[in-house]
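Q: Quick one: structure below, then a few questions.
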Amino acid sequence: MAEVIFYGLAGCPANAKQKQQLAAAGHTLVDRDLATAELTAADLRAFFGDKEVDAWFNRRAAAVKSGAVTPDALDESAALAAMLADRDLIRRPLIQVGDRREAGFDPTTLHAWIGLTSAESCDDKHARGQCDHGHQHFVKAPAA
C-alpha cells in the first residue's frame, strides 16, 4: 500500500472520515494540518494539475458563500494568494503519494490511483446489521 501525505483541517468531520477510508484500505497516513502547513504558492499549485482555477476552491468556505471571494473571477496568482491567506478556501484534502498530488477526495480517482478499498460498503453491512462505524442501527421487523 501507499504512504499518503494528507493535508486536511483539524476538526473537519469529512477529512476525518476520508482518513479512515484511506487507513482501512491499508495506506499509511502522514497527517498534515492544512491550516499550519508551510506551503508556497508553487507547492499549492502542484495539487491542482490541469483543473480550472474555480475548481481549486472549497465552495463551502465562508468567504465563497458570502461572496467575499468569487473563484471564477480570479486568475491563478490571485487564487493562490487568497488560498494561502485563508486556508478554508482550498478544496481539500490535498493528497500526495510520491510525486503525484491531487486536491479533493474523489473516490473513483483515488481507487484508480492508489486503491481505496474492496471492502463492502456500509450499506451492505447495514443490511446484515454488521456495520461497525459506531452509529446506531435499527433493524426492521419482518412484515406481518
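A short reminder: the numbers here are calculations on the coordinates, not readings from a lab. None of these values were measured; they are calculated from a predicted model. Don't worry about glycine lacking a Cβ; one is built from the backbone with ideal geometry, like all the others, and counts go over all protein chains shown.
Q: List the residues, sorted by chain then number, that are 5 or more residues from I90 or on another chain and whose placed amide H is less than 5 Å from its amide H.
A: HN-HN under 5 Å from I90: N58.
Q: If you don't mind, another one. Once amide H atoms are built 1.01 Å from N in the peptide plane, which residues 5 or more positions from L29, or in another chain, come under 5 Å H to H?
A: Residues meeting the criterion, in which the H sits 1.01 Å from N, are V4.
Q: Can I ask one more? Mind ranking 2-15, 24-37, 93-106 by how tightly packed they are, going by the mean number of other C-beta atoms within 10 angstrom, highest first? It would help to have the intermediate numbers written out before the result.
A: Working: 2-15: 16.4, 24-37: 14.3, 93-106: 18.0.
Put in order of decreasing packing, that is 93-106, 2-15, 24-37.
Q: Taking 0.36 nm per intervening residue step and subtracting the Cα-Cα distance, what contour gain separates D43 from E3 on full extension?
A: Details: separation 40, 0.36 × 40 = 14.40 nm, distance 1.86 nm.
Contour length minus Cα-Cα distance gives 12.5 nm.
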